[in-house]
Amino acid sequence: MGAFVDGKVVDLNSAYELYLKEVEGRDYPERVASAIIPPSMIGFLQGGIDSFKIANKILRFLEEKRDPDLVGLDGERIFLEKEQIKLCAPVPKPGKVYCMAVNYYDHVTERIKDLEKRRAEIERLKSLNIDVPIIFQKPPSLVCGPDAPIIKPRNSNKVDYECELAVVIGKKGKYIPKERAYEHIAGYTIFIDVSFRDQGFPEDVEFDMYKRDINWTKGKGMDNAAPMGPCIVTKDEIPNPYDPPLRLVTRVNGQERQNNDTSWMIISIPRIIEYLSNGTTLEPGDVIATGTVAGVAGSWPDGFLKIGDLVECEIQPIGVLKHKVIGD
């Protein structure tokens with residue numbers, strides 16, 4: 001686990017070992033550091049506010065030293081260039097991955113081409129005060145980092161992208177009221193809900209229920225279908241994702257496909273957390289993808305992903321996720 005500082009990545013675990021030895025004169029600094037600032041993200045999140053406070057103390061310690069060539073107790077580099085590392089997903093193995101379906105007004109109405117009819121439908125939907133999200137889960141094993149490819153499997157010719165703002169849970173909770181939901185958030189990251197539209201709606205199966213219902217598990221759940229990253233921006237830097245609203249942008253081979261912001265979200269993050277925690281314990285490291293904006297592949301001529309495509313999903317100030325599409 002590291003921290004982005006001035007374009008470099010700080011090895012926080014090694015830096016804390018050095019701090020404990022130099023500043024506090026502690027015996028067994030490696031053991032203390034591994035307990036409080038462990039090298040794994042979930043372990044760090046489980047440490048809660050205490051781990052965050054110490055991480056900030058470490059960064060102040062490094063700023064005072066002003067030594068870009070600083071090394072740890074075993075001679076390892078504290079500051080790493082991006083070229084020296086491979087970024088994994090910020091939470092490589094979440095306990096749970098929840099995804100919100102059709103949670104933006106522009107996305108749920110993007111098949112309506114007449115602008116007046118589309119505006120009318122959006123107003124009708126707003127009048128319903130929709131309060132229950134449509135939810136599916138992705139197996140945590142599908143999560144992959146910024147350097148991993150999006151895979152076009154042999155059985156799908158309708159591979160789609162969905163740029164999503166994802167919430168990373170930082171505090172354990174159950175029956176969380178929406179008024180206290182932000183207390184349970186560690187921060188935010190980018191999540192791409194890779195979808196396989198011809199598997200979610202298996203048109204080749206002659207059974208009416210299949211044509212009317214959605215096979216969420218298959219249509220959303222093949223290998224590498226949950227890219228995440230490039231980092232977690234902590235909630236002190238994004239205290240309110242709606243003010244100012246965060247903008248979700250997707251480009252495929254440089255062509256802009258999606259561009260809208262969180263003000264169009266139907267069910268807000270606090271209500272989503274309240275709903276999910278009603279009977280289910282949310283744990284540090286759980287991830288909630290909050291839905292996507294209009295501009296998915298079906299809205300574009302020949303818009304589904306092909307081998308060789310470059311997909312870029314951007315939400316600032318979090319960053320950009322870039323993924324090449326490869327064959328299976």
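The values are calculated or read from the model by the stated rules, or taken from the named source; none is laboratory data. These numbers come from a predicted model, not from an experiment. Glycine also receives a Cβ, built like all others from the backbone with ideal geometry; neighbour counts cover every protein chain displayed.
Tabulated data for the structure shown
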read-out	value
Among the candidates P39, P90, residue that is buried (at least 19 other Cβ atoms within 10 Å of the Cβ) and out of contact with any Lys or Arg (no Cβ under 8 Å at 6 or more places or on another chain)	P90
Of all residues making up segment 162-196, the number that are free of Cβ contacts under 8 Å to residues at least 60 places away in the same chain, of a type in the set (D, E, K, R) and under 16 Å from I232 (Cβ atoms)	0
Any hit, segment 99-113, residues being over 30 Å from G327 (Cα atoms), exposed (fewer than 13 other Cβ atoms within 10 Å of the Cβ) and either touching a helix residue (DSSP H, G or I) at 6+ places or on another chain (Cβ under 6 Å) or of a type outside the set (V, I, T) (or both)	yes
Residue check for D6: outside the structural domain of P230 (by TED's automatic domain parsing), over 23 Å from the mean Cα position of the chain (by Cα), at pLDDT below 95 and not polar (S, T, N, Q)	no
Selection within segment 103-125 - assigned to a loop (DSSP other than H, G, I, E, B) and among the basic types (K, R)	R111, K113
Residue satisfying all of: in segment 150-176; assigned to a loop (DSSP other than H, G, I, E, B) and within 16 Å of the chain's Cα centre (by Cα); surrounded by the fewest Cβ atoms within 10 Å (Cβ to Cβ) among these	E162
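Each row is one residue, and each column tells you yes or no for (1) within 25 Å of I269 (Cβ to Cβ); (2) within 15 Å of the chain's Cα centre (by Cα); (3) at pLDDT 95 or above.
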{"position": "K117", "(1), (2), (3)": "no, no, yes"}
{"position": "I122", "(1), (2), (3)": "yes, no, yes"}
{"position": "K138", "(1), (2), (3)": "yes, yes, yes"}
{"position": "C144", "(1), (2), (3)": "yes, yes, yes"}
